[in-house]
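The values are calculated or read from the model by the stated rules, or taken from the named source; none is laboratory data. These figures come from a predicted structure and were not determined experimentally. All Cβ positions, glycine included, derive from the backbone under ideal geometry; neighbour counts span all protein chains shown.
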Amino acid sequence: MSLDRYRTAIHNQHDWTNRALENRCLERVRLDDFTKTPLADVAPTWRDDHVAYATRRHHRAQSRESSCFNAQLLGWYYTSGAKCVHEHEGAWTSNTGNGYYGGFQADVSFQTSYNPGAYATWGTANNWPPIEQIEMAYNGWNARGWYPWPNTARACGLL
């Protein structure tokens, strides 16, 4: 890996990590903390491993287990009417064979649009942790309101 390509990869991972941390109300990481070893000290033969370490660091920072992010999502879930929608839609592990999955009965297009990382990690929403399904619903609600769930949203008094 060339030095320029290496430097770009490390800086991109660092920038992505900080964006992930900002989205979850956590403080940013410094580049020297993030990369573990200063750029000048990394031998060319170890650069691929160093980028792999930076990528793992990035994925840990992106973890959905941030208490701030969970608190924000759970606050929305309990105060916005999303809990009512979920209770009328189905179980978190619901797969009824009708093309809709999980606690918000989302089709694959909705899942890949509003939480593509979870879809890439676990497949359809019936296999996701509930917090990931809530994040998907929250992102969909931010973009489209309650209209993806017209019948249950009406039943809950949201439309």
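Scanning region 104-127 for residues that are touching a helix residue (DSSP H, G or I) at 6+ places or on another chain (Cβ under 8 Å) and over 18 Å from residue 72 (Cβ atoms) yields 105, 106, 108, 110, 111, 112, 113, 119, 122, 124, 125. Across region 128-137, the qualifying residues are those that are crowded, with 21+ Cβ neighbours inside 10 Å and in a helix (DSSP H, G or I), and the one among them that is modelled with the lowest pLDDT is 132.
On the basis of being in contact with a helix residue (DSSP H, G or I) (Cβ under 8 Å, 6 or more places away or on another chain) and touching a residue at least 60 places away in the same chain (Cβ under 8 Å), does residue 141 make the cut? It is true that residue 141 is in contact with a helix residue (DSSP H, G or I) (Cβ under 8 Å, 6 or more places away or on another chain) and touching a residue at least 60 places away in the same chain (Cβ under 8 Å). Here residue 103 does not qualify as surrounded by fewer than 20 Cβ atoms within 10 Å (Cβ to Cβ) and not in a helix (DSSP H, G or I).
Would it be correct to say that residue 125 is hydrophobic (A, V, I, L, M, F, W, C), buried (at least 22 other Cβ atoms within 10 Å of the Cβ), out of contact with any strand residue (DSSP E or B) (no Cβ under 7 Å at 6 or more places or on another chain) and in contact (Cβ under 8 Å) with a residue 24 or more places away in the chain? Taking the combined requirement at face value, the residue does not satisfy it.
Looking across region 144-159, the residues that are over 13 Å from residue 100 (Cβ atoms) and either out of contact with any Gly (no Cβ under 9 Å at 6 or more places or on another chain) or without any contact (Cβ under 8 Å) to a residue 24 or more places away in the chain (or both) come down to 144, 145, 147, 150, 154, 155, 159. Within region 77-89, residues that are in the same structural domain as residue 138 (by TED's automatic domain parsing) have Cβ atoms under 6 Å from residues that are in a helix (DSSP H, G or I) and basic (Lys, Arg) in these pairs: 77/83, counting only partners at least 6 apart in sequence or on another chain.
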